[in-house]
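The values are calculated or read from the model by the stated rules, or taken from the named source; none is laboratory data. Owing to the predicted nature of the structure, the values given are computational and were not obtained by experimental measurement. In this analysis, Cβ positions are derived from the backbone assuming ideal geometry, glycine residues included, and neighbour counts consider all displayed protein chains. Heavy atoms of the whole protein, side chains included, go into the accessibility calculation; ligands, DNA and RNA do not. Shrake-Rupley method; radii C 1.70, N 1.55, O 1.52, S 1.80 Å.
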Amino acid sequence: MQWSFEATCVAAGARGIVVTALFSAAFSVAAQQGELYPGKPVRLVSSLAPGSSGDRLARNFAEQLSAQIKQNVLVENRTGDGGNIAAMYVVKALPDGYTLLFSSTASLAIQMVYNAQSVNYSLTQDLMPVSTVASIANGLFVTTAIAPDSLPALVRELKTKPGQYACASSGTGGLLHLTCELFKRVAGVDVLHVAYKGSTLFLPDLVSGRVALAFDNVPVYVPMVNSGRLKVVAVTSPKRVAVLQYVPTTAELGMPQLESSGLFGLLAPLRTPDAALKLVSRGTVDALRDKDARERGAREGVDLNGSTPDVLRRQIDNEMNKWARLIKDANIKRD
């Protein structure tokens, strides 16, 4: 798999409009003179837990970017608080092109509405969209410790024992938690939500049966499903996943409202120069258009999809509206 990722940008100041304008002018001069960017390692600050599907995506992306720009691109995991820790780190970073945020944009959008009173930054005002990167299908995974092996059977079991089964997530207020809540509302079931600090941490409990079910990105779970350690009863993506082609979508099973995918995007600190953003966005689109990369991603449940900043901005707005409606209609309260 070969990705082409070309980008040229230079540092921008963070001390007001005048300084920003001067650095933007310096960017143009440097580009005209053919000076190479970057002159030091670039940090890709990731909100995803090490070992997760999103983390694997970030590391593949960073590796290919390193090869293209002849400079190290270092993934720096800053997990927790629904992605807010990583986001705040980037919000406060110098807007010089050397610090970018790689995150689940769906989870960040949820934070803006679920934790609106406590989040001390604005996703739409303090960060600049660069490009979408990928969407990863989510699946509904079930422990083998209980009998149901289909979505209808699982729903029937949950309804006979309200409040006795648990749905694990990677953290309160995150996408996986809200997907559990969406499932409860759509299916009309009562399950207990149990939050962990990252999806990799609840896997042992899901396999052992301490928790009954979880929604999560498909790729990491495929080996466990194939080996019989876990069951998967549906995927919540708009279409089936090639690597689990036999697994129906929730829409096929009569729950079209239960749609949830891991959406991943690239964002930059406010006041990063427009010229730099355009070059990075264009380079990302070119990289993710590679046929081999897209085919390999599709086989694993990953849809690579670079875009303009405006497309990412609209995606974030749509996610904020979607989850805000759920939180309001289901009267979901913070723990």
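Brief remarks on what is shown
- If you filter the range 88-119 down to residues that are without any contact (Cβ under 8 Å) to a residue 60 or more places away in the chain and of a type in the set (A, V, I, L, M, F, W, C), you find that the one that is farthest from residue 176 (Cα to Cα) is 88.
- Taking the range 171-201 as the range and being within 17 Å of residue 53 (Cα to Cα) and surrounded by fewer than 24 Cβ atoms within 10 Å (Cβ to Cβ) as the test, the residues that pass are 171, 196, 197, 198, 200, 201.
- Options 217, 318; residue that is over 15 Å from residue 131 (Cβ atoms) and open to solvent by 50 Å² or more (accessible area, probe 1.4 Å): 318
- Candidate set: the range 241-256, residues that are over 22 Å from residue 181 (Cα atoms) and free of Cβ contacts under 8 Å to residues at least 12 places away in the same chain; chosen: the one least open to solvent (accessible area, probe 1.4 Å): 245
- Residue in the range 16-33 that is part of a loop (DSSP other than H, G, I, E, B) and at pLDDT below 50 present: yes
- For the range 284-303, the set of residues classified as open to solvent by 20 Å² or more (accessible area, probe 1.4 Å), over 14 Å from residue 222 (Cβ atoms) and within 17 Å of the chain's Cα centre (by Cα) consists of 303 only.
- Cβ-Cβ contacts under 9 Å between residues 6 or more apart (or on different chains), taken from a first residue in the range 171-183 that is at negative phi and free of Cβ contacts under 8 Å to residues at least 40 places away in the same chain to a second residue that is open to solvent by 10 Å² or more (accessible area, probe 1.4 Å) and assigned to a helix (DSSP H, G or I), are listed as 177/82; 177/114.
- Looking at 168, 153, 145, 134, just one residue is in contact with a Phe, Trp or Tyr (Cβ under 8 Å, 6 or more places away or on another chain) and either open to solvent by 50 Å² or more (accessible area, probe 1.4 Å) or over 21 Å from residue 239 (Cβ atoms) (or both), and that residue is 168.
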